[in-house]
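Asks: Submitted below is the structure of interest, expressed as structure tokens.
The values are calculated or read from the model by the stated rules, or taken from the named source; none is laboratory data. Computed from a predicted model, the values in this text were never measured in an experiment. Every residue, glycine among them, receives a Cβ derived from its backbone with ideal geometry; neighbour counts consider all protein chains shown. In case anyone asks, the SASA skips ligands and DNA or RNA and just uses the protein heavy atoms, side chains included. Shrake-Rupley method; radii C 1.70, N 1.55, O 1.52, S 1.80 Å.
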Amino acid sequence: QNQTAVTEFILLGFSSNPVLRVSLFVLFSVLYSATLMGNALVFVLICLDYRLHSPMYFFLCHLSIVDICYASNNVPHMLGNLLGQGRTISFAGCGTQIHLYLIFALTECVLLAAMSYDRYVAICHPLRYFLIMNWRLCLTLTAVSWAFGFMFGTLQASLALRLPFCGPCNVDHFFCEILAVLKLACTDTTVNKVLIFAVCVCFLLFPLVLILISYLHILATVLHIQSVAGWHKTLSTCGSHLIVVGLFYGNAIFMYMVPGSGNASGREKVLSLFYSVINPSLNPLIYTLRNKQVKEALLNLQGRKRVFHS
């Protein structure tokens, strides 16, 4: 009987301290700008430099697209919240945030697994690399990543948004994160939480197992390499991907699969920041600094600009 028709939610965000809010605004603005510029630069480099037209960079290009979309889904509204431009978000807007958040997160889970398979083939079967990792397979793996992300993200979002909600609808988060919104439902959300856990098993644990198997095979191959140069090339190629995998899967598993970890709102916000702000800004930095070909492509692009201006 206390149930009300919800038309908007209130995002509580971070601290009400004005000095802290301004500091956070500056910090997150810098990180968001770095996300947009860094991932856009990686995308442009891969498109313009023919030497980067290979399966590994094809997947990296899609990862950059996911990171831009992922950050843009949450961060602009969060920055407006920090400036005091209104903490409310419509029910439709909240549903859109949940939907896109799930799509991009689940897509990245599958995409990172596909990238690990690409590294496995490149190191363990170098002579058959382009035969195995042909463009048909690359397109199929990418399409499957996006399709699975869209299907399961839509399923979870639709089930969550069909729940009855009661006022006041204060979301203790800086965006409409699904666990925070489920706490406001006026009914039992056990089915939704079981579904979230099941999807996490399929999109976190299963791909992570495949990634670990790939790198165990890579490690076995690396141990047979005699030259130091071969060791360095192999580790530099895989190191970037391992760092991204560790950051992404580690935060996701801790937040969604460790019992009780999603109940502490402060910790939940910090973990979400890694997804929305920190990880997307670090990914292009990690790949650029540890990848010789990307750095050479960047130097070539700078050389083209000098020639054009001269």
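Asks: Using a 1.4 Å probe over the heavy atoms of the protein chains, calculate the carbon and sulfur portion of the accessible area of segment 13-308 as a whole percent.
Replies: Exposed carbon and sulfur together represent 72 percent of the surface.
Asks: Can you give me the Kirkwood hydrodynamic radius for segment 54-113, using every pair of distinct Cα atoms, in Å to one decimal?
Replies: About 12.9 Å for segment 54-113.
Asks: Follow-up. Just checking the chain: which Cys have no other cysteine's beta-carbon under 4.7 Å?
Replies: Cys with no partner Cβ under 4.7 Å: Cys47, Cys61, Cys69, Cys109, Cys124, Cys138, Cys169, Cys200, Cys202, Cys238.
Asks: Rounded to the nearest 0.05, what FRET efficiency is calculated for Asn17 and Thr88 with R0 set to 25 Å and r the Cβ-Cβ distance?
Replies: The value I calculate is 0.75.
Asks: For the chain, give the magnitude of the charge dipole about the Cα centre (Cβ charges: +1 Lys/Arg, -1 Asp/Glu; no others), in debye to the nearest 20.
Replies: Approximately 740 debye in magnitude.
Asks: Another question about this same structure. Mean-square fluctuation check for the chain, GNM, Cα pairs under 10 Å: which of Leu111, Leu41, Leu208 is largest?
Replies: Leu41
Asks: Would you mind getting me the FRET efficiency between Leu223 and Val26? Use the beta-carbon distance for r and R0 = 41 Å, nearest 0.05.
Replies: 0.30
Asks: I need the calculated FRET efficiency for the pair Leu285 and Arg162, taking r as the beta carbon distance and R₀ as 41 Å, to the nearest 0.05.
Replies: Between Leu285 and Arg162 the formula returns 0.55.
Asks: Cut-off 10 angstrom, C-alpha nodes, Gaussian network model of the chain. Which of Tyr275, Tyr50, Tyr215 fluctuates the most?
Replies: Tyr50
Asks: Which one is right for this structure if Cα extents along the principal axes in Å is calculated from it: (i) 71, 50, 31; (ii) 85, 43, 30; (iii) 64, 45, 30?
Replies: (i)
Asks: Now a separate question. Give the long-range amide H neighbours of Val171: residues separated by 5 or more places, or on another chain, with amide H under 5 Å away, using H modelled in the peptide plane at 1.01 Å from N.
Replies: Those lying under 5 Å, H to H, from Val171 are Ile10, Leu11, Leu12.
Asks: Over the chain, calculate the relative contact order: mean separation of alpha carbon pairs under 8 Å at least 6 apart, over the residue count, as a percent.
Replies: This gives 28 percent for the chain.
Asks: Give me the one-decimal nm value for the distance between modelled label points at Lys193 and Val258, 7 Å along each residue's Cα-to-Cβ direction.
Replies: My value for the distance between the label points is 1.8 nm.
Asks: Could I ask something else about it? Tell me the per residue accessible area of the chain using a 1.4 Å probe; a whole number in Å² is fine.
Replies: Per-residue accessible area for the chain comes out at 49 Å².
Asks: Something else now. Tell me which residues come under 5 Å, amide H to amide H, from Ile225 once H is placed; ignore anything under 5 positions away on its chain.
Replies: Amide H neighbours of Ile225, under 5 Å, 5+ apart: none.
Asks: Next question. Find which of Pro55, Ser281, Phe174 sits farthest along the positive direction of the dipole of segment 13-308, computed with +1 on the beta-carbon of Lys and Arg, -1 on that of Asp and Glu, about the Cα centre.
Replies: Pro55
Asks: Given the options Gln97, Gln293, Gln156, state which has the largest fluctuation in a GNM of the chain using a 10 Å cut-off (strictly under) for Cα springs.
Replies: Judging by the Gaussian network model, the answer is Gln293.
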